[in-house]
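Take a look at the structure below.
The values are calculated or read from the model by the stated rules, or taken from the named source; none is laboratory data. Just so it is clear, the structure is predicted and the values come from calculations on it, not from any experiment. No Cβ is skipped: glycine too gets one built from the backbone with ideal geometry, and neighbour counts run over all protein chains shown. Accessible surface is based on the protein model in full, side chains and every heavy atom, while ligands, DNA and RNA are left aside. Shrake-Rupley method; radii C 1.70, N 1.55, O 1.52, S 1.80 Å.
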Amino acid sequence: MNRKQRRRLQEAFFVGIMRTSLAGACLVLGTILAVITVRGVGALSWEMVSQPPESGFYLGGGGGILNAILGSLALATGATLLAMALAVPLALFMHTYLRSSRIANGIRLVLDVMWGIPSIVYGAFGFALMVFMGLRASLLAGVLTLALVVLPILARTFDEVLMMSPKDLREATLSLGATRLEYLGVLLRQALPGLMTALLLAFGRGIGDAASVLFTAGYTDALPQSLTRPVASLPLAIFYQLSTPFPEVQARAYASALVLTILILVVSLLAQLSARRLGKHVIR
Amino acid sequence: MEAEIRRDGAVLTPRYDAAPGRRPGTARVIKDHLARTGMVVISAATCLLVVLIAGALLIRSLPLLRTQSLGELLTSSTWQPSHGAFGFAPFIAGSIAVTAVAMIVAVAPAIFTGIYLSEYTVARTRTRLKPLLDLMVGIPSVVYGLWGILFVVPLVRDHVGPWIDGTLGQVSPLFRQTNPSGYGLLSAGLVLGIMVFPLIVAVTEEVLRSVPHEMREAVLCLGATRWETTLCVVRRRGMAGILAAVVLGFSRAFGETLAVMMLIGNSVQVPRSLFDSAYSLPALIANNYGEMMSLPNYESALMAAALLLLAVVLLFNVAARLVVNRLTARS
């Protein structure tokens, strides 16, 4: 074999490996979705998603997981809104007052590192804080802890969106004599669709996170009622149903997982649509 | 005072906020300054959160650290909370082992996929493939755990396990199928590897794409194949970045809780074989929060475990992020 053939073979070999890796990943993703769908569809019923658990639910009794669905939605909504109150000014601050400075990069580093902190650590911190403040496991404590998990995700995603805004926009606005704050308003208008995407992304992550709400939000069979009461969440509902020894309850866990996966799919689909559709007033 | 209309149509309105001695537009400037101060406070508070978290966990774990030295806690393998013996060694060993399995599974395919996305695909293919990777990140860990129970555990128990036991198991006790249940390091590691795969892909791709195009063009001009060009790019700039991607993947895997807890078998022992069940640090915290208050120093021990987790993840993350930032900023 001459040199040219060998090089061609090498090229084909590595392209083959790379394509196989990518195809393997897609295949695994397909298997995950297929297994969850096939096993979940059997136990899925209208009763499952429209009723709270009745007594004896975990022994195979009637009822559904409405408590967990509503609880998860409440937790994720609260956490996203709370995180938004901090993350949005933070990201805008980096792009109006601190553009491309060392401090902005420092903040980015801190946010990236916070993104990497496992949610169980946030959960333990939330628990320590609860003990300190004399709170019990409740929707409020869960929202506070989940907001910490979601904050860096929201801030960094929104930061990336702001990075895409045209440079001319800043120069044009500031050259008209606008203050930085007035420029911030212009920038916010420009980045609004991106903010929606970031919010939905954070919301999706909030729904799926279990380790942080495990200590702090508790679990209950009742529907969420007040900020000071415990709430159920979908991931924990799946986990608890799975820990029972009864096959019919476990089958419900599969159905709950399907519900959770569909919720996540819908949210991420909305996130992608919002990026495309809401850009009516955006300068490109 | 009335508005004055100039000949070219501009309307000059009188300034109502103009107090004597003040410069024009002062209210706007004051507003600007107030907003700035507010945002400085928010940013500082956010950055201090990490310190606050570490501080709170440290304070809560002090009662335990007073009675036992750190070295003793990290190396002792007796875990008997009712006797006041808190040895973290089995959990640390379990966490490291399961993460190692995950990395062995994920690293090579993830790096190849990252290279493929950055060097071999056009922008349109990338934008089509991106949502798939995002979806892999977005799937909750409890769903991964459930998939592991339904699909990976039976696979390991009935097919992979006997096969590895029959071949490699004859050579080394590391590969003996000691545990017929299927719940153990291999199952948990496989699922964990799939979970960190998209992260490693994303960082690898980001780092490689920051290498300037001129470099690739120069190498291609000399008649190199695409793969040879890739090797050049990786050798020149990508090595540190790929290493950083792996470290980031490692620290993400190290802190993963629910999926590992559902698959690893949760028995307190230092694992000796790929199939042994073990116990990871995050699972320790998550599984025992219920009894936390019942025994002296128990809560403190779990907080110390969280602190340990935080310390490892912070160390790895800061180092890797600094490398990535430096590589991507230079272009």
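When we screen A:V143, A:V149 for residues that are touching an Asp or Glu at 6+ places or on another chain (Cβ under 9 Å), away from chain B (no Cβ under 11 Å) and crowded, with 21+ Cβ neighbours inside 10 Å, the only hit is A:V149. Residues considered: A:A232, A:A222, A:A237. Of these, the only one that is outside any helix (DSSP H, G or I) and closer than 27 Å to A:R39 by Cβ is A:A232. Annotation: of all residues in the range A:220-250 being within 11 Å of chain B (Cβ to nearest Cβ) and not polar (S, T, N, Q), the one that is farthest from A:L73 (Cα to Cα) is A:L242.
Here are some residues: A:G185, A:G206. Which one is surrounded by fewer than 20 Cβ atoms within 10 Å (Cβ to Cβ), within 18 Å of A:M84 (Cα to Cα) and either hydroxyl-bearing (S, T, Y) or within 12 Å of another protein chain (Cβ to nearest Cβ) (or both)? Step through it out loud before you land on a result.
Values: A:G206 fails: surrounded by fewer than 20 Cβ atoms within 10 Å (Cβ to Cβ).
None of the other options fit; the residue is A:G185.
Could you go through the range A:79-96 and let me know if any residue there is in contact with a helix residue (DSSP H, G or I) (Cβ under 8 Å, 6 or more places away or on another chain) and in a loop (DSSP other than H, G, I, E, B). No, every residue in the range A:79-96 fails to be in contact with a helix residue (DSSP H, G or I) (Cβ under 8 Å, 6 or more places away or on another chain) and in a loop (DSSP other than H, G, I, E, B).
Of all residues in the range B:69-91, none are more than 30 Å from B:L185 (Cβ to Cβ), at pLDDT 85 or above and touching a helix residue (DSSP H, G or I) at 6+ places or on another chain (Cβ under 7 Å). Taking the range B:230-252 as the range and being open to solvent by less than 10 Å² (accessible area, probe 1.4 Å), at the interface with chain A (Cβ under 10 Å from one of its Cβ atoms) and in contact with a Leu (Cβ under 7 Å, 6 or more places away or on another chain) as the test, only B:L248 passes. Selection of the range B:78-116 for residues being of a type in the set (G, A, S), away from every other protein chain (no Cβ under 12 Å) and under 18 Å from B:G184 (Cβ atoms) yields B:A93, B:G94, B:A97, B:A100, B:A102. Selection of the range A:20-42 for residues being more than 7 Å from chain B (Cβ to nearest Cβ) and part of a helix (DSSP H, G or I) yields A:T20, A:A23, A:L27, A:G30, A:L33, A:A34, A:T37, A:V38, A:G40, A:V41.
Of the residues making up the range A:43-64, those that are assigned to a helix (DSSP H, G or I) and either open to solvent by less than 50 Å² (accessible area, probe 1.4 Å) or without any contact (Cβ under 8 Å) to a residue 24 or more places away in the chain (or both) number 6.
Restricting attention to the range B:191-208, the residues that are open to solvent by less than 10 Å² (accessible area, probe 1.4 Å), of a type outside the set (D, E, K, R) and within 10 Å of B:A245 (Cα to Cα) add up to 5. For the range A:114-122, the criterion of being touching a residue at least 24 places away in the same chain (Cβ under 8 Å) and in contact with a Lys or Arg (Cβ under 6 Å, 6 or more places away or on another chain) is met by none of the residues.
Residues that are away from chain A (no Cβ under 11 Å) and buried (at least 17 other Cβ atoms within 10 Å of the Cβ) within the range B:210-227 comprise B:S210, B:V211, B:R216, B:V219, listed in sequence order. I'm trying to understand the selection: among the residues of the range A:97-139, which are open to solvent by 50 Å² or more (accessible area, probe 1.4 Å) and at pLDDT 90 or above? Result: A:W115, single match. Quickly run through the range A:111-134 and pick out the residues that are at the interface with chain B (Cβ under 8 Å from one of its Cβ atoms) and within 19 Å of the chain's Cα centre (by Cα). Within the range A:111-134, A:L111, A:D112, A:V113, A:M114, A:G116, A:I117, A:P118, A:S119, A:I120, A:V121, A:Y122, A:G123 meet the criteria.
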